[in-house]
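Presented below is the structure to which this report refers.
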Amino acid sequence: MTLDFSALDTSPRLLLEADLRPLQGTRFQPTGFPDLGAARYDGPDGRPMLLVESAQSMANRLESVCWDTAAGDWQPPLRGLPYIRVEDGDGRMLTSSVLEAHRINSPYILEGQDRSVLDILKQELSDRNEGVVDIRKLARVLLRLDINSLVHGVFLSKKELSGGRLRLPRILSAFIEAADVRVAQSGGVKNDQINPSGDTGRGFGNVPFSRDEYTSPRITAYLNIDLAQLRGLRLGKAAESLLLGLMAYKIRLFLKDGLRLRTACDLDLEELRVTRPASFALPGLEELENLLPELIETAAGEGLFADPPVTMVTWRK
């Protein structure tokens with residue numbers, strides 16, 4: 001049995017929408033931004049809208065659900081995929097490119113004394129400080145070293161890497177927004193039972209605070225796979241099938257296990273639908289779990305991954 005993605009062959013995008021609702025109660029807390037707070041805005045029809053989760057945050061969440069924290073490795077169906085593991089001088093794991101917000105461009109990978117990954121990138125990608133950047137070559141290098149950077153995008157800004165011009169947009173992008181939102185105001189107080197009038201600047205005393213949460217009749221996650229970009233990278237059939245399977249797995253697993261966005265934002269999936277192309281049905285999670293190891297083995301057999309697939313880096317300032 002294989003995954004059939006033939007319905008996507010002539011479509012430039014795979015678009016999905018997931019209807020969400022609070023798991024308990026009616027209120028939820030959106031993402032917040034410095035000097036702004038919640039991102040509220042008017043929709044084209046004048047409806048009050050709210051950004052619940054940004055594209056940047058969703059990329060991190062779609063990565064983190066793929067990581068088995070207890071094992072310090074990929075979730076079992078994904079083991080064998082390439083990534084970069086960062087350890088301290090005693091061999092203890094510090095982080096990995098799966099967990100880092102900037103993936104392979106993490107300072108813990110490129111800015112330490114261990115320059116092994118940087119040297120690989122310089123050898124592969126430093127040949128064009130002028131002229132058109134070879135994005136397909138960048139994609140092949142990312143597929144070999146850190147597949148998440150290929151899926152979720154990367155910006156390698158170091159001048160010694162093609163003049164700092166190596167950018168790859170996200171193939172998989174997503175965001176969550178809510179419509180017809182209303183503010184649910186509440187608050188509380190941090191109590192100091194010993195010295196209620198103590199110096200609050202030092203953490204003493206009673207500190208009252210206000211809190212804004214929101215309600216909405218419609219919370220929707222929007223997910224977009226750029227099929228035209230994926231095909232344009234010309235990575236071959238085995239790589240394309242693997243990447244599509246991996247992205248479908250990320251979506252399914254996030255909607256199953258990753259919807260506790262914050263303490264006060266715990267959501268549940270009501271319905272997932274494909275809006276374009278309408279003829280495509282997203283494979284189920286169990287089907288993906290069963291078939292991804294075969295797709296990984298096929299890609300590894302074609303020499304598309306580093307050998308071994310986990311590249312080790314030792315972090316020293």
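Which FRET efficiency, nearest 0.05, do residue 7 and residue 92 yield, Cβ-Cβ r, R0 35 Å? So, using R0 = 35 Å, E works out to roughly 0.15.
Below 13 angstrom from the Cβ of residue 296, what's the summed charge of the other residues (Lys, Arg +1; Asp, Glu -1)? Here the count lands on -3. Tell me whether region 50-89 comes out rounded, prolate or oblate; compute the Cα gyration tensor, take square roots of the eigenvalues as a ≥ b ≥ c, and use a/c under 1.5 as the rounded threshold. Since a/c reaches 1.5 and a/b is larger than b/c, the shape of region 50-89 is classed as prolate. Each residue, residue 209 and residue 137, gets one label point 7 Å from its Cα in the Cβ direction; the gap between the two is 5.1 nm. Of the residues 33, 254, the one with the fewest other Cβ atoms within 10 Å heads the list, and the complete ranking is 33, 254. Taken as Cα centroids, region 4-20 and region 247-317 sit 15 Å apart, rounded to the nearest whole angstrom. Classify region 64-112 from the C-alpha gyration tensor, please: rounded if a/c falls under 1.5, else prolate or oblate depending on whether a/b exceeds b/c. Here region 64-112 falls in the oblate category.
This ranking places 58, 93 by how few other beta-carbon atoms lie within 10 Å of each, fewest first, which gives 93, 58.
Spin-label pair residue 55-residue 116: with each label point 7 Å from Cα along the Cα-Cβ axis, the two points sit 3.5 nm from one another. Here the extension length gained between residue 155 and residue 194 equals 8.9 nm, from 0.36 nm per residue of separation less the Cα-Cα distance. If you take all other residues with their beta carbon under 13 Å from the beta carbon of residue 212, and give Lys and Arg +1 and Asp and Glu -1, the sum is +3.
Looking only at region 262-303, which residues have a backbone nitrogen under 13 Å from a spot 7 Å from the Cα of residue 24 in the C-beta direction? Residues 263-267 qualify, since their backbone N sits under 13 Å from the label point.
All other residues whose Cβ lies under 11 angstrom from that of residue 282 are scored, Lys and Arg at +1 and Asp and Glu at -1, for a net of +1. Ordered by the number of other Cβ atoms lying within 10 Å of each residue's own Cβ, fewest first, 211, 21, 316 fall into the sequence 316, 211, 21.
Given their separation in residues at 0.36 nm each and the Cα-Cα distance between them, residue 39 and residue 69 gain 7.7 nm when the chain is fully extended.
Is the chain best put as rounded, prolate or oblate by its Cα gyration tensor, with a ≥ b ≥ c the root eigenvalues, rounded for a/c under 1.5, and otherwise prolate when a/b is larger than b/c, oblate when not? Taking the square roots of the gyration eigenvalues as a ≥ b ≥ c, the chain is oblate.
Values quoted throughout were computed directly from the atomic coordinates according to the rules given, and no laboratory measurement underlies them. Given the structure is predicted, the values throughout are model-derived calculations rather than measurements. Don't worry about glycine lacking a Cβ; one is built from the backbone with ideal geometry, like all the others, and counts go over all protein chains shown.
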